[in-house]
Amino acid sequence: MNMETKIESASQIYQDGIVLGLLKHKLNGTFIDIGCAEPIRFSNSYVMEKYFNWSGIGVDILNANIVTGK
């Protein structure tokens, strides 16, 4: 991916950008997103999945936030 591509953070306070910056925009990573809530809105892992080919699991206590598949 071209690093000049503008990517809009889905996180509430840019946690996804902080993690990606610390990991030097690592590709093909793995995550565990605890307390993930909705799959896109306010997600700390969505940008990593969509643009950096990360995979992982989201865990949330509320049944309303469970989504199967992608």
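Here's the yes/no breakdown for (1) assigned to a loop (DSSP other than H, G, I, E, B); (2) β-branched (Val, Ile, Thr); (3) at pLDDT below 95; (4) touching an Asp or Glu at 6+ places or on another chain (Cβ under 7 Å):
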| site | (1), (2), (3), (4) |
| --- | --- |
| Asn2 | yes, no, yes, no |
| Thr5 | yes, yes, yes, no |
| Glu8 | yes, no, yes, no |
| Ile13 | yes, yes, yes, no |
| Ala37 | yes, no, yes, yes |
| Met48 | no, no, no, yes |
| Gly58 | no, no, yes, yes |
| Thr68 | yes, yes, yes, no |
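The set of residues in segment 15-31 being in contact with a Gly (Cβ under 6 Å, 6 or more places away or on another chain) and either open to solvent by 100 Å² or more (accessible area, probe 1.4 Å) or part of a loop (DSSP other than H, G, I, E, B) (or both) consists of Thr30 alone.
Would you mind stating whether Ile32 is modelled with pLDDT of 90 or more and of a type in the set (Val, Ile, Thr)? Yes. When residues in segment 24-56 are screened for being more than 11 Å from Ser11 (Cβ to Cβ), hydrophobic (A, V, I, L, M, F, W, C) and out of contact with any helix residue (DSSP H, G or I) (no Cβ under 9 Å at 6 or more places or on another chain), 2 of them pass.
For Glu49, the criteria (1) closer than 18 Å to Ile61 by Cβ; (2) surrounded by 15 or more Cβ atoms within 10 Å (Cβ to Cβ) hold in every case but one, which is (1).
The values are calculated or read from the model by the stated rules, or taken from the named source; none is laboratory data. Nothing here was measured: the structure is a model prediction, and the numbers come from that model. Positions of Cβ are backbone-derived with ideal geometry, glycine not excepted, and every protein chain shown enters the neighbour counts. To get the accessible areas, we keep the full protein, side chains included, count just its heavy atoms, and leave off ligands, DNA and RNA. Shrake-Rupley method; radii C 1.70, N 1.55, O 1.52, S 1.80 Å.
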